[in-house]
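Undergrad: The structure is given below, and queries will be raised subsequently.
The values are calculated or read from the model by the stated rules, or taken from the named source; none is laboratory data. Computed from a predicted structure; not experimentally measured. Note that we place each Cβ from the backbone using ideal geometry, even for glycine, and neighbour counts take in every protein chain shown. Heavy atoms of the whole protein, side chains included, go into the accessibility calculation; ligands, DNA and RNA do not. Shrake-Rupley method; radii C 1.70, N 1.55, O 1.52, S 1.80 Å.
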Amino acid sequence: MEQESNGHQAKADMVAALIQAAGRRTEPPQDAYRQVLDAAMTALRQKTARRRERSWLIGAVAAGVAGVFIMLLLQQQTGTLQPRVATVVRTFGAVEFSAGDRWKPLAESRSSISAGTGLRTLAGGGAALSLGRRVSLRLASATEVQFDGPQDILLRDGMLYLDNRASLGTGLRIGTPLGTVRDVGTQFEVRVADGLLRLRVREGRVEIDRAGQHLTGEAGEQLEIDVLGGVSRSAISPTDASWAWAETMAPAPDIDGRPATELLAWVARETGRRLRYESPVVEQRAATVILHGNIRHLAPLAALDAMLATTDLEYVLIGDTMEIRARAE
């Protein structure tokens, strides 16, 4: 051990002697020193930036993958893999939906209906849906439909009502076991039951195609088609009491802070009546009356009674006309 220690000491003395012989190192020029320092700092910053960029990229990719996974999971659970074709606006009683073979209760929080989804109302139930701007679909009690696409609805059983307030037809097709009904821009009702297809046209015009047979229903007409292709026609008034079920399911507009003329126009359309003012002065007055309140869940005429009670206006029903008058003092 002592011999090994002496060897290490000899080597250390030799290194010290060499350093002393070399003398003090010459200081590098200041410009060279600064150039080397700047180059080192630049290299360090670039290396750090590359590391940050790689870390950000890895994080972004991970977040994107997680987002896609969550979206697919939610779509699988809610049945929205297909594009949305309708929005539930209002329901009554028991309503169920199906995105496959199983029927489930329609939760209040579920408002979107996608292509391929089935919807049915049980006894005493009903539903109102929006198919886009100014197009309302309503399902009566004990009705089953399937949304095959943005323009295609299959009515398996029961009764539906379509109100298309757009200036042009939507091209919406309603398939049934007895024929296809095509909307041309109107209000109408379709019923499938007991081997019969019944069409009632409240306003406008509706076309029916059945096994090469082309039929047209005009406003005020009722058509019945049986399984053998027999067709019978009769008259139906736009104010007939049989339209009441669709009126009670009408989605109410937001009239708070709006002029009375908007409420009057909505009520007239929903009840199948023409709107008439007693005089230009009354019409002008209706345009300046601003309403306040909420008519949600009120049928059209009940909403009108409630809102006009606080104004100097009143209405009178004369046949298929709703006339607005100044309230008598």
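Undergrad: Measuring from label point to label point, each 7 Å out along Cα→Cβ, what is the Ala309 to Leu122 span in nm?
TA: 3.5 nm
Undergrad: Could you state the principal axis extents of the C-alpha atoms in segment 123-257, from the largest down, to the nearest angstrom?
TA: 53, 30, 28
Undergrad: Also, quick follow-up: Can you list, bin by bin at 10 Å, the percent of alpha carbon pairs in segment 85-151, starting at 0?
TA: 22, 61, 16, 0
Undergrad: Among Thr186, Ala235, Val95, whose Cα projects farthest towards the positive end of the dipole of segment 82-244, with charges put on the beta-carbon of Lys, Arg (+1) and Asp, Glu (-1)?
TA: Of the listed residues, the answer is Val95.
Undergrad: Given points 7 Å out from each Cα along the Cα-Cβ axis, report the Arg84 to Glu329 separation in nanometres with one decimal.
TA: For Arg84 paired with Glu329, the spin-label model returns 5.3 nm.
Undergrad: Follow-up question, since we're still on this one. In segment 84-165, which GluC sites (Glu not before Pro) are in a loop and have at most 13 other Cβ atoms within 10 Å, using DSSP for the loop call? It would help to have the intermediate numbers written out before the result.
TA: Details: sites: Glu96, Glu108, Glu144; in loops: Glu108.
Sites meeting the loop and neighbour criteria: Glu108.
Undergrad: Hey, another quick one. With every protein chain left in place, what is the accessible area per residue of segment 82-244 in square angstrom, probe 1.4 Å?
TA: Working: 7250 Å² over 163 residues.
Per residue, segment 82-244 has an accessible area of 44 Å².
Undergrad: Ok, one more. Can you tell me the equivalent ellipsoid semi-axes for segment 184-236? Use √(5λ) from the Cα gyration tensor, largest first, whole Å. Don't skip to the end; give the middle numbers.
TA: Details: eigenvalues 61, 29, 17 Å².
Result for segment 184-236: semi-axes of 17, 12, 9 Å.
Undergrad: Counting only Cα atoms, I'd like the Rg/Rh figure for segment 252-326, Kirkwood definition for Rh.
TA: On the way: Rg = 11.2 Å, Rh = 12.1 Å.
That ratio is 0.92, to two decimals.
Undergrad: Given the whole protein assembly as supplied and a 1.4 Å probe, what does the accessible area of Ser112 come to in Å², nearest 10?
TA: Around 40 Å² of this residue is reachable by solvent.
Undergrad: Something else about it: Quick one: net charge of Ala302's neighbours, Cβ under 13 Å, K/R +1, D/E -1?
TA: Numbers: positive: Arg296; negative: Glu247, Glu270, Asp305.
Here the count lands on -2.
Undergrad: Which FRET efficiency, nearest 0.05, do Arg102 and Thr216 yield, Cβ-Cβ r, R0 35 Å?
TA: On the way: r = 40 Å, r/R0 = 1.13.
Computed FRET efficiency for Arg102 and Thr216: 0.30.
Undergrad: Between Ser232 and Ala287, what's the calculated FRET efficiency when r is the beta-carbon distance and R0 is 45 Å? Round to 0.05. Mind dumping the intermediate values first?
TA: On the way: r = 45 Å, r/R0 = 1.00.
Calculated value: 0.50.
Undergrad: Computing the accessible area with a 1.4 Å probe over protein heavy atoms, can you report the carbon and sulfur percentage for segment 176-329?
TA: On the way: 3720 of 7400 Å².
Carbon and sulfur atoms account for 50 percent of the accessible area of segment 176-329.
Undergrad: Another one. Within segment 214-315, list the trypsin sites (Lys or Arg not before Pro) lying in a DSSP loop whose Cβ has at most 16 other Cβ atoms in a 10 Å radius.
TA: Hits after loop and neighbour filter: Arg296.
Undergrad: A follow-up question, please. Counting only C-alpha contacts under 8 Å and six or more residues apart, can you give the relative contact order of segment 124-187 as a whole percent? Each step should come with its number before you reach the end.
TA: Values: 128 pairs, mean separation 16.7, N = 64.
Dividing the mean separation by the residue count of segment 124-187 yields 26 percent.
Undergrad: Now for a separate question. Can you compute the charge dipole magnitude of segment 252-326 about its Cα centre, using +1 on each Lys and Arg Cβ and -1 on each Asp and Glu Cβ, nothing else charged? Give it in debye, rounded to the nearest 20. Show your work: numbers first, answer last.
TA: Values: 8 positive and 11 negative charges, 26 e Å.
It comes to approximately 120 debye.
Undergrad: Looking at segment 123-159, which trypsin sites (Lys or Arg not before Pro) are DSSP coil and have at most 10 other C-beta atoms within 10 Å of their C-beta?
TA: Sites meeting the loop and neighbour criteria: Arg133.
Undergrad: Moving on. Using the beta-carbon distance between Arg274 and Glu207 and R0 = 22 Å, what value does 1/(1 + (r/R0)^6) give for FRET efficiency, to the nearest 0.05? Please list the in-between numbers first.
TA: On the way: r = 25 Å, r/R0 = 1.13.
With a Förster radius of 22 Å, E is 0.35.
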